[in-house]
Amino acid sequence: MFELMLCSMLTILPDYLFRRYVQDRRLGRDINIYTVWYELRWGITACLLLTVSLITLIFYYHPSTKNVTAIFRTVTILPEATGRVAEVFVGLNTKVKAGDPLFRLDSSEQEAARETAQRQIDEATAATAVAQTELAGADGLIQQAQGAYQQALDELATRQELLRRKADVSVREVERLQITADGRKGALDAAVANKRTIETKLSSLLPAQKASAEAALAQAQVELDKTLVRAGVAGTVQQFALRPGDVVNTMIRPAGILIPEQAGRVALIAGFGQIEAQVMKKGMIAEATCVGKPFTIIPMVVTEVQDVIAAGQLRPTDQLIDVQQMAQGGTLTVFLEPLFPGELEGLPPGSSCIANAYTNNHDALAAKDIGTGKWLFLHVVDTVSIVHAMILRMQALMLPVQTLVFGGH
């Protein structure tokens with residue numbers, strides 16, 4: 001409508017003025033409902049062509065879309081293991097902080113495993129104390145074996161000296177003393193080896209057993225901690241109808257949904273037509289009006305333009321994909337953030353909006369080597385954006401009326 005009115009002022013109005021003051025044609029006499037096309041055919045034709053061109057120019061360089069949503073993410077509340085609920089700490093619509101407990105699963109099995117690991121640690125500690133006592137006993141056995149071995153060596157040396165002097169000593173008796181000394185030498189070696197075994201047990205085996213028990217205790221504690229489900233982020237708990245005795249399954253039965261605090265309050269996500277792919281650029285100024293925040297124009301800025309069309313994605317399956325199944329064209333995903341802090345306050349996440357993006361040719365117009373034709377064209381492009389801005393403001397005024405009055409309420 002705005003485009004038609006503007007173009008008629010540049011085409012139909014001059015044509016009528018020419019007919020009126022140059023050709024002396026008057027409304028109601030020469031120009032009536034039957035002769036208006038013949039008399040004003042040049043102005044009407046030029047008006048239609050100019051209107052179509054202007055609408056194309058506006059909608060291409062200053063794109064608009066109604067596919068705008070304050071999309072927000074949700075966090076599924078799930079335990080890391082399947083189990084039966086033993087205790088619930090929060091209710092529906094409860095606001096929680098990161099780390100707050102939500103519910104606890106039955107942990108009798110995990111507590112038993114932790115108790116078993118703790119007893120293994122105590123057993124390893126007790127075995128260490130026993131081994132230290134055995135080490136002291138091994139020292140006594142070594143001293144005893146050394147004394148007996150030394151005594152056998154002394155008796156053997158005495159008998160050998162007497163035998164050398166041909167005293168009343170038999171060779172058989174000397175051999176018997178030699179065997180006795182060798183046996184006591186073996187007993188001394190066995191006592192020393194026993195001490196080394198105990199020392200190895202104290203330095204390697206028992207610490208390793210204790211470390212294994214401590215690792216088992218840590219693992220049991222981790223499994224026990226998994227039974228207490230905590231909030232990963234601050235937010236609001238929704239669809240949380242969990243009660244003690246319910247069985248929660250990690251695959252088919254979540255406990256509820258957690259909506260983060262800042263979800264949907266940081267940016268808007270818009271879907272512009274694919275034809276605007278060459279126009280939409282990061283840093284473009286935009287405006288939006290939302291159903292959840294009526295009569296308000298929110299200044300925005302384009303922060304990201306997705307470089308792929310989501311509707312064309314392909315996932316490998318066991319069936320060949322026919323391109324005809326993707327015939328419906330997708331949109332160009334654009335991320336819009338408020339130009340000033342706090343502009344999205346009060347806007348419920350998930351709200352539907354209308355957005356305009358405006359092409360800015362300031363840098364191109366400031367170039368020194370720009371031609372006259374291009375300079376004039378870019379000026380026209382920047383100027384006609386006011387038409388789209390006016391349309392958006394009319395939509396902001398009419399949106400509540402259209403929703404409440406003409407929407408079936």
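The values are calculated or read from the model by the stated rules, or taken from the named source; none is laboratory data. Quick caveat: nothing in here was measured; it's all calculated off a predicted structure. Neighbour counts run over all protein chains shown; Cβ positions are idealised from the backbone, glycine included. SASA here: full protein model, heavy atoms, side chains in, ligands and nucleic acids out. Shrake-Rupley method; radii C 1.70, N 1.55, O 1.52, S 1.80 Å.
Just a few scattered comments:
- The set of residues in the stretch 235-256 that are open to solvent by less than 30 Å² (accessible area, probe 1.4 Å) and in a strand (DSSP E or B) comprises 235, 236, 237, 248, 256.
- Residue check, residue 329 open to solvent by 40 Å² or more (accessible area, probe 1.4 Å), of a type outside the set (Asp, Glu) and touching a helix residue (DSSP H, G or I) at 6+ places or on another chain (Cβ under 7 Å): yes
- When the test is whether a residue is at pLDDT below 85 and open to solvent by less than 30 Å² (accessible area, probe 1.4 Å), residue 407 does not pass it.
- Residues of the stretch 47-81 that turn out to be open to solvent by less than 80 Å² (accessible area, probe 1.4 Å), farther than 17 Å from residue 240 by Cα, hydroxyl-bearing (Ser, Thr, Tyr) and not in a strand (DSSP E or B), as a count: 4
- Among the residues making up the stretch 131-167, a single one is farther than 22 Å from residue 202 by Cβ, modelled with pLDDT of 75 or more, surrounded by fewer than 13 Cβ atoms within 10 Å (Cβ to Cβ) and among the hydrophobic types (A, V, I, L, M, F, W, C): 157.
- Of all residues in the stretch 379-404, those that are under 19 Å from residue 56 (Cα atoms) have Cβ atoms under 7 Å from Cβ atoms of residues that are open to solvent by 40 Å² or more (accessible area, probe 1.4 Å) and assigned to a helix (DSSP H, G or I), 6 or more apart or on another chain, in 381/61; 387/2; 390/2; 391/2.
Each row is one residue, and each column tells you yes or no for (1) farther than 21 Å from residue 66 by Cα; (2) within 22 Å of the chain's Cα centre (by Cα).
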{"site": "304", "(1), (2)": "no, yes"}
{"site": "313", "(1), (2)": "yes, yes"}
{"site": "325", "(1), (2)": "yes, no"}
{"site": "346", "(1), (2)": "no, no"}
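- Residue 389 being farther than 16 Å from residue 283 by Cα, among the small types (Gly, Ala, Ser), out of contact with any Gly (no Cβ under 7 Å at 6 or more places or on another chain) and modelled with pLDDT of 85 or more: yes
- Tallying residues that are of a type in the set (Val, Ile, Thr), part of a loop (DSSP other than H, G, I, E, B) and over 30 Å from residue 394 (Cβ atoms) within the stretch 294-335 yields 4.
- The set of residues in the stretch 272-293 being assigned to a helix (DSSP H, G or I) and either of a type in the set (A, V, I, L, M) or touching a strand residue (DSSP E or B) at 6+ places or on another chain (Cβ under 7 Å) (or both) consists of 274, 275, 276, 277.
- Evaluating residue 113 against the criteria (1) in a helix (DSSP H, G or I); (2) crowded, with 19+ Cβ neighbours inside 10 Å leaves one unmet condition, (2).
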